[in-house]
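Throughout, read-outs are computed from the coordinates displayed, never taken from laboratory work. This one's a predicted model, so the numbers in the text were calculated from it and none came from an experiment. Cβ coordinates were reconstructed from backbone atoms using ideal geometry, including for glycine residues, and neighbour counts include every protein chain displayed.
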Amino acid sequence: MIEDWLTEYYVWIKSLHVVSVIAWMAGLFYLPRLYVHHTEQTTPGTEMDTVFQMMERKLLKLIMNPSMIASWVFGLMLVLTPGIVDWGAVWPYTKAVSILAMTWFHMWLAAHRRDFIDGDFKLSGRTYRIMNELPTVLMLIIVFSVIVRF
């Protein structure tokens, strides 16, 4: 039975979830910073523009996307593990909303990478700096939701 398997491997699943979330968060913190410097330090079509695009592509495709998928998979496995989630409490819902917002932010960053590819720097470095605060706020909500379990 799947519930028995999830319970038996709970600590491994939880460990893999934490590792994948750390990798995902690292990318969510770093990619907007790359966008700030890309916007402020380069011009479309230059060699530096090409270097930034390569760094952004690799970060998104090789680290962020796989770690986001792994975070979701292992997180859903934890949710399905019997006795882990108290659905009568508020914390699973605040965490869920924050995770959906984190996923939206990931997709927002991916969509804005297209602007750099097209040579159309639509947003300012200031905008990317401000947006870079979103994953921090969401991370705090998620951590306090899970640890304090209000």
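Candidates 52, 29: the one that is assigned to a helix (DSSP H, G or I) and in contact with a His (Cβ under 9 Å, 6 or more places away or on another chain) is 52. Can you name every residue in segment 1-18 that is among the aliphatic types (A, V, I, L, M), within 25 Å of residue 143 (Cβ to Cβ) and in contact (Cβ under 8 Å) with a residue 24 or more places away in the chain? Passing the criteria: 6, 13, 16. Of the residues making up segment 1-59, those that are of a type in the set (Asp, Glu) and over 30 Å from residue 127 (Cβ atoms) number 3.
The number of residues in segment 92-124 being among the aromatic types (Phe, Trp, Tyr), farther than 21 Å from residue 51 by Cα and buried (at least 17 other Cβ atoms within 10 Å of the Cβ) comes to 1.
Of all the numbered requirements in (1) farther than 30 Å from residue 83 by Cα; (2) surrounded by fewer than 17 Cβ atoms within 10 Å (Cβ to Cβ); (3) among the hydroxyl-bearing types (Ser, Thr, Tyr), residue 42 misses one, and that requirement is (2). Set side by side, the residues 115, 120 differ, and just one is under 18 Å from residue 37 (Cα atoms) and either among the aliphatic types (A, V, I, L, M) or in contact with a Leu (Cβ under 8 Å, 6 or more places away or on another chain) (or both), which is 115.
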